[in-house]
Amino acid sequence: MSDKERLITSKDKDSDVGINKYYSKLSSDEVGEVKKEASFRDTFWRWVALFFACFFLLGSYFCYDNPNALSDMLQKYVSVGDVKYNLLYSVYSYPNVILPLIGGVLIDKIGINFSIVLFSILLVAGQGVFAIAGFVGESGEDHVSTAFIIAIIGRVVFGLGGESLNVCQSTVVSRWFKGKELSLALGINISVSRLGSVFNNYTMPPLADATSLGWALTFGFILCIVSFACGIVLTFFERHANKVDKKSGALNEDEKEEFHWRDIKEFTLPFWLISANCVFTYIGIFCFNNISNDFFVARYGIEQKSAARITSIVFFIPAFLAPAFGIVTDRIGHKVTLCIIATSTLTLCHALFFLIPASNDQNISYWGIAPVVLLGVTYSIYVSALWPMVPMVVEARVLGSAYGLCTALQNIGLAIGPTIVGALTFKKSTDDEQTSGINNNAFNYVSIALGGFALLGVLSSIALLIADRIQLNGKLQKPDNDGENEEENGHNQENEDHVEDMDSHSHGQNSESYKAHVKRSIARSSMAR
């Protein structure tokens, strides 16, 4: 076997006819040069980069749900009453109605590395201020109002960094796993991130009991610093990948084009339906999670620590199932169908929360765990199908802005949702409900409201399925490798045409330009594989 033949696998021989014909016309040095033009992001190092991409958001997910895990202490020392308590979630989301879009544009304009550092600093600072609020509130009843103001400031700053870091993470992972294994990579992201949420529910209540509210929140502050360090390491990987790809010629020129605000007008209907679906579904999941501890305590008479453990099931299940569903999604496709299934089961979850009767009887109350388990499975399916669709409906150069816009719209829902829930559960403070220990009405209203949002998620998923068939020819329903193979086949035909052209011009003045053009086409095909 000649050196040229060794460079071509048996699969290439069967499928890449045009490339094989052209290899026979190149010297061994030229063949080697073409083969070197593969992206650094296609190598084994993408899994190492994924490790740091996962863990640089661990602190964010851990600290986001600190109010839920520490609801009793926070309502005692910082935010007296349900309305003020729910504001700790709402103020996180209000600035992020706009900021993730700005953050996405910053990613596209000034680069991912600077964005990671900037937003990580905001995240760490916000959690630090929130921890200070805990210490101030514990210093005396006269300082509770001051502690609440400090806590609100801390959560706002924390939110300024947290949601934009989500955009950074999605953009980075989409770059490193573009066209292959993206659902798996994003599933692993969700897995690690949600382990942070589970870790929060299990560790914060006993840690606060053993020390204090302030020191428990300080532990979250330290974890944010560790996550910041992981983000710094990730920026080194990004710089090195850009440097290597630029030198080898594998850097996609289209991705380097500058973003313009007018590009948002070019976002297609499927993108807007994906965003709307995200808004409705996330309200149904996260607005319940925000009050889930109080839900189980009030409705089933469960202790706060036990309620926190039950709540953690919602995110404990995705920690293991999300990567598995990611693999399935990569291989079988049907992402929109999976979204329809997920939103339908979410609607069923809230129907069960409404139908299962309130009781202090432990035997009956354990039935309330069943919809929690179903909710965890639902979330695993949903995130594995939803987020990989975004890169499929927008150009690579505006990917950061697309993720940012989707996250901004999501936060409109997550800002309004807790406010609605807080108003519905305000009845919980009336005398008769406090006496009975069971809230028979308020949480029923919450279940109806969140179930309604879940139903809107079902309808928007069906609309997305129709739009995909009409505008994208069913692209969102195909496995990732199908789209890749179609693109590759297109390149192969292009290569074969150029080979024939080069044959006819082999003695002409433009032979070298043909050769260079075909080499670039081959490099694109190799990089796609």
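The values are calculated or read from the model by the stated rules, or taken from the named source; none is laboratory data. Since this is a predicted model, take the numbers as computed values, not measurements. All Cβ positions, glycine included, derive from the backbone under ideal geometry; neighbour counts span all protein chains shown.
One residue stands out among those in segment 308-336 that are buried (at least 24 other Cβ atoms within 10 Å of the Cβ) and among the aliphatic types (A, V, I, L, M): the one that is farthest from the chain's Cα centre (by Cα), which is 308. Quick check on residue 348: is it surrounded by fewer than 24 Cβ atoms within 10 Å (Cβ to Cβ), farther than 30 Å from residue 111 by Cβ and of a type in the set (A, V, I, L, M, F, W, C)? Yes.
Here residue 210 fulfils each of the conditions (1) without any contact (Cβ under 8 Å) to a residue 60 or more places away in the chain; (2) under 21 Å from the mean Cα position of the chain (by Cα) apart from (2). Considering each residue of segment 378-387 in turn, at least one proves to be in contact with a Ser or Thr (Cβ under 7 Å, 6 or more places away or on another chain), touching a residue at least 12 places away in the same chain (Cβ under 8 Å) and aromatic (Phe, Trp, Tyr).
In segment 454-471, the residue that is surrounded by the fewest Cβ atoms within 10 Å (Cβ to Cβ) out of those that are among the hydrophobic types (A, V, I, L, M, F, W, C) and closer than 24 Å to residue 354 by Cα is 459.
Evaluation of residue 166 against the conditions (1) crowded, with 21+ Cβ neighbours inside 10 Å; (2) not in a helix (DSSP H, G or I) shows that the sole unmet condition is (2). Just checking, does segment 111-121 include any residue being crowded, with 24+ Cβ neighbours inside 10 Å, in the same structural domain as residue 319 (by TED's automatic domain parsing) and under 25 Å from residue 311 (Cα atoms)? No; the residues of segment 111-121 include none that is crowded, with 24+ Cβ neighbours inside 10 Å, in the same structural domain as residue 319 (by TED's automatic domain parsing) and under 25 Å from residue 311 (Cα atoms). Here residue 201 meets the list (1) in contact with a helix residue (DSSP H, G or I) (Cβ under 8 Å, 6 or more places away or on another chain); (2) at pLDDT 85 or above almost entirely, failing just condition (2).
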